[in-house]
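Written out below as structure tokens is the structure these notes cover.
The values are calculated or read from the model by the stated rules, or taken from the named source; none is laboratory data. Remember, it's a predicted structure, so these values are computed and weren't measured experimentally. With ideal geometry, Cβ positions are generated from the backbone for all residues, glycine too; neighbour counts draw on all protein chains shown.
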């Protein structure tokens, strides 16, 4: 497998999905080499995690607040910072080099950053390649435009691929409309989540201020994720303004970093709600978990969300969600509130109405938790294993 | 009319209590907003010690020497409550050096708000309290009572002049901004519109900024500026009673570094100027006492000494700044109800205008003077640290049993 990140060194949902999927495949007796573009301790025993280190480089460390840059440490002692595009090129060649030394039946590549490596490996070995699309460029850029270089890679790789997996129907439709890929080449394999029982009764929480204000009858509405165009946060803030008009006892907690950060801080001030909107930047661990826990409602207002794991993470902590209909997760998660990302009226209505009804929040939380409790990766794993078998048979027949 | 041509040098001494990297995880837990680690850019102690070494001590050493050498030499300063507190705590030697200057009897201290705030525009009672606090502090540390008023950032309008007159001040300072002056020049004493007993002194910004901003600019056509050249300019200036050179004290050694020659300049200026017996120096009160106003100046809209706009937009120009300051002052009544002096004092320290200056987005992308003075990476970070501190104040008020929702 070719991947870009794994927990705990991930900046978002991609790493989590890859980790949980592989764990499920491994428990079904699949041998996996997972090639990542950096060196770090993952504490993973169910597969081989292999760093793609080019010749002449001693190690590559992830850096930046959300792991958005890479530190190359060369054998001659030099140190150089790589941005994501530099690193994409370095990875493509290094990963295909590593592939020459390993034995495998299938190459399974996750998202555009690994697609070129997959093509290079196919060129060298003629091994079948499966591309797993967690998002396409038009999702990430929040528009039709996006980076033309990235679009070219996605298009070329998808045309060359033996098979394409989309994490939702939403994504499958995007692949068809953006790149004209034949429908029957794309299989939908929804993401899932490893069910973890959280201690949701603990009274300790890092957000002491919010805890205190909740004891005074305030409600907390949270968003956790990257602050990028794709995530639809300007609409969320506009809805927040209206919710505060109706219910001034509401705080909005926005946990994350990203290129829209300054714009959003500005917008909150412009809307006159700076006192009620709390920005925390990117968080991990306890402070990340506590953000889900402290919230009465989690909102994922994404303009375009191929899957969107966070509402499932939220319910693990007992927190119900409002998600945009333009998300993959809304295809599989029934017990959540849903809204079109552009419908600020309805978004404000759903937030304000739900947080003013404890009965509704509790019922939504309980039903969603029932749904969450029985989730597993097994269905998705079964679909993938069938696909692997199919391609292995084809490849053997061709020899 | 004053029979001599006078330099009225007025230096403003101030440091704020900068807010540390203060997050939501600190809110309602620690209230130590102003306690940055010493190695942080926002460390008040580190900044004060640095500026003391680079500016306050060397400058005061020269100024004291000049006072001893030239009986005609005199000037005025304003010094905020926040920096006096910091000097008492971290640089007592700097405080002593200011006390020595004032003890000569030829250095006048100008009145202002203790917290270097914009309270005049938000809460009159709060404003008056802070002016009183400052007067008390000056009296306690220097044994004198200020006679002339300057508002934070020289923010001035007719209403402020009327207030200062009613409070018994003999004079008030403002920016000598061209639209305010019209055909007049700043080199005389004026009378604010709507007043009878108070004088207005206007900063000669061209000559002041030659020192404060341009002195070390090697691209400036007049660079290098020597004391004799500058003195010559001043002598050649026609239609002059008094030349008001108003600037930040930190011009000497901090904004203009020692290697720019600013200290030599200062050391030689009095000798150059006093070569002509028709020249002298005056404090702000002395020039007001010796020179009756020549005309009336009408300032309806607030004028300040900042940026090319000379308005309040450096502090109150964007929504982040406005929401921060409005939220802070919305607590005025409730915070006083607590009677908790340390809480009220923290709230007052948040009023210092510098906090809002750090949130300024004008020219943020150009990395200009605003960025130079900010201890934060961006105006956004400044805003968020401030809002988290604001929410902690809100929390503390409620903890005292005062309901901020009511």
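When you check residue B:259 against the structure, is it within 25 Å of the chain's Cα centre (by Cα), assigned by TED's automatic domain parsing to the domain that holds residue B:152, modelled with pLDDT under 95 and assigned to a helix (DSSP H, G or I), yes or no? So residue B:259 fits the description; yes. Here the strands (runs of 3 or more DSSP E) wholly within the range A:46-148 that include at least 2 residues being surrounded by 13 or more Cβ atoms within 10 Å (Cβ to Cβ) are A:48-51, A:57-63, A:69-74, A:107-110, A:129-133. Just give me the residues in the range A:13-30 being farther than 16 Å from residue A:189 by Cβ and out of contact with any helix residue (DSSP H, G or I) (no Cβ under 9 Å at 6 or more places or on another chain), in sequence order. Within the range A:13-30, A:15, A:26, A:29 qualify. Condition check for residue A:119 on (1) modelled with pLDDT under 95; (2) in contact with a helix residue (DSSP H, G or I) (Cβ under 9 Å, 6 or more places away or on another chain): one failure, at (1).
Annotation: of all residues in the range B:326-342 being part of a loop (DSSP other than H, G, I, E, B) and on the phi < 0 side of the Ramachandran plot, the one that is nearest to the other protein chains (Cβ to nearest Cβ) is B:330. So which of A:96, A:138 ends up being within 19 Å of the chain's Cα centre (by Cα) and more than 23 Å from residue A:386 (Cβ to Cβ)? Going through A:96, A:138 in turn, just one is within 19 Å of the chain's Cα centre (by Cα) and more than 23 Å from residue A:386 (Cβ to Cβ): A:138. Only one of the numbered conditions (1) modelled with pLDDT of 95 or more; (2) surrounded by fewer than 20 Cβ atoms within 10 Å (Cβ to Cβ); (3) touching a strand residue (DSSP E or B) at 6+ places or on another chain (Cβ under 8 Å) is not met by residue A:342, and that is (3).
May I ask you to verify whether residue B:110 is within 14 Å of chain A (Cβ to nearest Cβ), crowded, with 21+ Cβ neighbours inside 10 Å, in contact with a strand residue (DSSP E or B) (Cβ under 8 Å, 6 or more places away or on another chain) and on the phi < 0 side of the Ramachandran plot? Judged against the criteria, residue B:110 is not a match.
Conditions (1) surrounded by 20 or more Cβ atoms within 10 Å (Cβ to Cβ); (2) closer than 22 Å to residue B:131 by Cβ, marked per residue:
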position	(1), (2)
B:172	yes, yes
B:178	no, no
B:195	no, yes
B:203	yes, yes
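Scanning the range B:354-395 for residues that are modelled with pLDDT under 90, within 13 Å of chain A (Cβ to nearest Cβ), surrounded by fewer than 24 Cβ atoms within 10 Å (Cβ to Cβ) and not in a loop (DSSP other than H, G, I, E, B) yields B:364, B:365, B:380, B:381. All told, residue B:41 falls short of being surrounded by fewer than 21 Cβ atoms within 10 Å (Cβ to Cβ) and in contact with a strand residue (DSSP E or B) (Cβ under 6 Å, 6 or more places away or on another chain). Given the structure, is residue A:43 more than 23 Å from residue A:163 (Cα to Cα), at pLDDT 90 or above and either assigned to a loop (DSSP other than H, G, I, E, B) or in contact with a helix residue (DSSP H, G or I) (Cβ under 7 Å, 6 or more places away or on another chain) (or both)? When the stated conditions are applied, residue A:43 passes them.
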